[in-house]
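Report on the following structure.
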């Protein structure tokens with residue numbers, strides 16, 4: 001079956017701009033979680049969506065937001081980009097909340113803010 | 001908040017040597033998961049441990065969950081070059097309804 005699909009794979013944005021990342025989970029997976037990965041901070045939890053509702057949120061500023069659609073596809077948005085937002089953004093899907101059955105990760109979106 | 005630390009941060013071994021990474025949580029965990037991330041790749045789910053003292057094996061990999069459910073380990077016997085990557089543990093705080101917190105990761109390099 002198809003894996004978790006994230007688009008785009010690479011993005012270069014200017015400081016102050018906004019960006020939207022997309023994630024299509026594995027068919028049948030209703031939980032979608034987003035993580036930010038940087039060399040210095042490792043994998044940091046952003047938020048989780050389940051059945052179109054945000055169920056959990058990490059410690060990120062309000063510039064980071066997301067949503068989930070009825071087909072379980074999810075988007076995350078970052079407004080007013082800062083240099084420190086440069087990172088690999090990973091989407092992970094699972095059948096159950098919070099990856100209780102194990103997350104399947106997408107290949108990620110590499111965001112560079114200049 | 002919950003913190004999950006892993007040691008060592010880096011490990012460089014000769015092919016055929018054993019490797020162990022240790023995962024320690026600041027709080028009691030309901031379960032723990034392990035993931036492997038190859039260079040340039042994304043994390044891949046390996047296994048989940050739930051019971052206190054649980055030990056599970058996957059070929060050359062042995063996973064253990066501590067009796068107090070605050071620590072875990074991953075041991076690889078006779079490493080191969082295909083084992084190269086970063087190994088992450090991820091723990092869920094006991095009490096339910098909490099997010100999965102990833103450990104800091106151990107980067108393994110295997111030399112021929």
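Readers should treat all values here as calculations from the given coordinates under stated rules, not as data from a laboratory. Everything numeric here is computed off the predicted structure, so don't read it as measured data. Note that each Cβ is placed from the backbone with ideal geometry, even for glycine, and that neighbours are counted across all protein chains shown.
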How well do other chains shield peptide B:38-47, expressed as the mean number of their Cβ atoms within 10 Å of each residue Cβ? 4
Classify chain A: rounded, prolate or oblate, from the alpha-carbon gyration tensor (a ≥ b ≥ c, eigenvalue square roots; a/c under 1.5 rounded; otherwise prolate if a/b is larger than b/c)? prolate
Cα-based convex hull volume of chain B per residue, rounded to whole Å³: 90 Å³
From the Cα gyration tensor of the protein assembly as shown, with a ≥ b ≥ c the square roots of its eigenvalues, which class applies: rounded if a/c is under 1.5, or else prolate if a/b is larger than b/c, or else oblate? prolate
In percent, what relative contact order does chain B have, based on Cα pairs under 8 Å that are 6 or more apart in sequence? 38 percent
Could you state the number of Å between the C-alpha centres of segment B:6-21 and segment A:16-86? 32 Å
Chain A: relative contact order in percent, alpha carbon pairs under 8 Å with at least 6 residues between: 36 percent
Is segment B:47-108 best put as rounded, prolate or oblate by its Cα gyration tensor, with a ≥ b ≥ c the root eigenvalues, rounded for a/c under 1.5, and otherwise prolate when a/b is larger than b/c, oblate when not? oblate
Label-point separation in nm, residue A:30 to residue B:9, each point 7 Å along Cα→Cβ: 4.2 nm
Each label point is 7 Å from the Cα along the Cα-to-Cβ direction; what then is the distance between the points at residue B:20 and residue A:51, in nm? 4.4 nm
